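Notes follow once the structure below has been shown.
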Amino acid sequence: MSIDPKIWRLKDNQVTPESVFKARRQIVKAMGLGVGAMGLSSQVQASLLDWFKAPEPQALADLSFSQPQAYVSDEILTPFDKVSQHNNFYEFGTDKADPARNAQSFQTNPWQLKVEGEVGSSLTLDYDDLMQSIPLEERVYRLRCVEAWSMVIPWVGFPLAALLKKADPTGSAKYVAFETLYDPNQMPGQKSRLMGGGIDYPYVEGLTIEEAMNPLTFIAVGLYGKTLPPQNGAPVRLVVPWKYGFKSIKSVVNIRLTERRPPTTWNQLAPHEYGFYANVNPEVDHPRWSQATERRIGEGGLLSAKRIATLPFNGYGEQVAHLYAGLDLRRNY
Ligand SMILES: Nc1nc2c(c(=O)[nH]1)N[C@H]1C(S)=C(S)[C@@H](COP(=O)(O)O)O[C@H]1N2
Ligand SMILES: [Mo]
């Protein structure tokens, strides 16, 4: 995604850095043979190669979870190395390869997640509570980014509703506001406006209480059977599969139930491009690109990326269309 004119303007082919990433690997190979001949000092060669190389990944722990039949899928899963190397997490940089490179030393344990606001009893969950206090299950969901690429990911976690019910929402809870960790010392994108894509951090998101309580709305603490890689939003993130990916906020520290609609990061940054609801909708194009089709990451060749039709509500209409009965779906919200 990108921010409108003032800060900088990415073209809509910002969407493809996966091929750029692959091209880089080719360059690295070529460099292995070529840099010496370029007359660079070995120190410069080493740091150049370092920048191109994938970092040592953070160790991930195994999780125990059930596999409810309703969320098993026969779609081709996006391979783990794509899921963990093609990311949007602007706190760690705006290039798709940046989060995997820059988030490996991100501190995800200890962690604290608060649930507060319009609730009968506020909650504070530490890392172990997150992994243990609600039974974990695996769910395969499609993730559709507003940039017109998508993945199929086996998440591990629990329904958001199970967590919210523990806090006993009051009758005034009409919305749920989410906030990502703010820690510029760990998140280089929060230090530098350029590196962080011009976002005013912390990254914030929101849902209506009905959306939050919908059985599909998920809190993920893992994927592919293990704890989340930091670049995917460790230790705890939201997953809302019928909405554009930017709603699925990462590395959450605060969940607040509110009476009023909370501000949301991309909507604040570019309201004419990104709505509050942001339901996947092939009929309504983004002002700078079509939403009619999408590119499945990892399927199709390097240049012949496979495109498939985008479905209303990302294919989850049966479960969620009723939430929007009053809205005109030919408009973006
Ligand atoms: N805090 C935070 N959450 C975020 C983002 C971000 O930049 N910061 N990017 C969003 C976007 S645009 C997408 S598409 C998804 C990507 O999730 P993934 O990298 O696990 O595929 O995370 C979302 N959550
Ligand atoms: Mo996205």
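The values are calculated or read from the model by the stated rules, or taken from the named source; none is laboratory data. Since the model is a prediction, treat every value here as computed from it, not as a measurement. Here the Cβ is made from the backbone with ideal geometry for all residues, glycine too, and neighbour counts use every protein chain on show. Just the protein is used for accessible areas: all its heavy atoms, side chains included, with ligands, DNA and RNA removed. Shrake-Rupley method; radii C 1.70, N 1.55, O 1.52, S 1.80 Å.
Table: residues versus (1) of a type in the set (S, T, N, Q); (2) open to solvent by 30 Å² or more (accessible area, probe 1.4 Å).
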{"position": "Val252", "(1), (2)": "no, no"}
{"position": "Ile255", "(1), (2)": "no, no"}
{"position": "Arg260", "(1), (2)": "no, yes"}
{"position": "Thr265", "(1), (2)": "yes, no"}
{"position": "Ala270", "(1), (2)": "no, no"}
{"position": "Tyr274", "(1), (2)": "no, no"}
{"position": "Glu283", "(1), (2)": "no, yes"}
query: Here are some residues: Ser150, Ser105, Ser133. Which one is under 28 Å from Trp242 (Cβ atoms) and either away from ligand 1 (no atom under 12 Å from the Cβ) or not polar (S, T, N, Q) (or both)?
result: Ser133
Which listed residue, of Phe178, Phe158, is touching an Asp or Glu at 6+ places or on another chain (Cβ under 9 Å), in a strand (DSSP E or B), within 12 Å of ligand 1 (Cβ to nearest atom) and not β-branched (Val, Ile, Thr): Phe178
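Condition test on Glu147, is it open to solvent by 10 Å² or more (accessible area, probe 1.4 Å) and either in contact (Cβ under 8 Å) with a residue 24 or more places away in the chain or within 16 Å of ligand 2 (Cβ to nearest atom) (or both)?
no
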message: Checking the structure you have, find out if any residue of the stretch 295-312 is at pLDDT 95 or above, under 20 Å from Ser73 (Cα atoms) and in contact with a Pro (Cβ under 6 Å, 6 or more places away or on another chain).
response: yes
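When you look at Tyr127, is it of a type in the set (Phe, Trp, Tyr), open to solvent by 20 Å² or more (accessible area, probe 1.4 Å), over 18 Å from Lys226 (Cβ atoms) and more than 16 Å from ligand 2 (Cβ to nearest atom), yes or no? If you could, list the steps in order and put the result at the bottom.
On the way: of a type in the set (Phe, Trp, Tyr): yes; open to solvent by 20 Å² or more (accessible area, probe 1.4 Å): yes; over 18 Å from Lys226 (Cβ atoms): no; more than 16 Å from ligand 2 (Cβ to nearest atom): yes.
Answer is no for this residue.
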Hits in the stretch 200-227 (condition: within 8 Å of ligand 1 (Cβ to nearest atom) and out of contact with any Phe, Trp or Tyr (no Cβ under 6 Å at 6 or more places or on another chain)): Tyr203
message: Residues that are β-branched (Val, Ile, Thr), more than 12 Å from ligand 1 (Cβ to nearest atom), outside any strand (DSSP E or B) and surrounded by 19 or more Cβ atoms within 10 Å (Cβ to Cβ): does the stretch 315-327 have at least one?
response: yes
message: I'd like the full set of residues that are modelled with pLDDT of 95 or more, open to solvent by 20 Å² or more (accessible area, probe 1.4 Å) and closer than 20 Å to Leu269 by Cα, limited to the stretch 193-226.
response: Met195, Asp200, Tyr201, Pro202, Tyr203, Val204
The one condition in (1) in a helix (DSSP H, G or I); (2) farther than 30 Å from Gln67 by Cβ; (3) more than 21 Å from the chain's Cα centre (by Cα) that Leu257 fails to fulfil: (1)
- prompt: Hey, any hits in the stretch 257-266 for a residue that's away from ligand 2 (no atom under 16 Å from the Cβ) and either among the hydroxyl-bearing types (Ser, Thr, Tyr) or closer than 12 Å to Glu91 by Cβ (or both)?
  reply: yes
Members of the stretch 228-246 that are more than 12 Å from ligand 1 (Cβ to nearest atom) and over 20 Å from Ala148 (Cα atoms): Pro235
query: Quick check: is even one residue across the stretch 300-307 on the phi > 0 side of the Ramachandran plot and part of a strand (DSSP E or B)?
result: yes
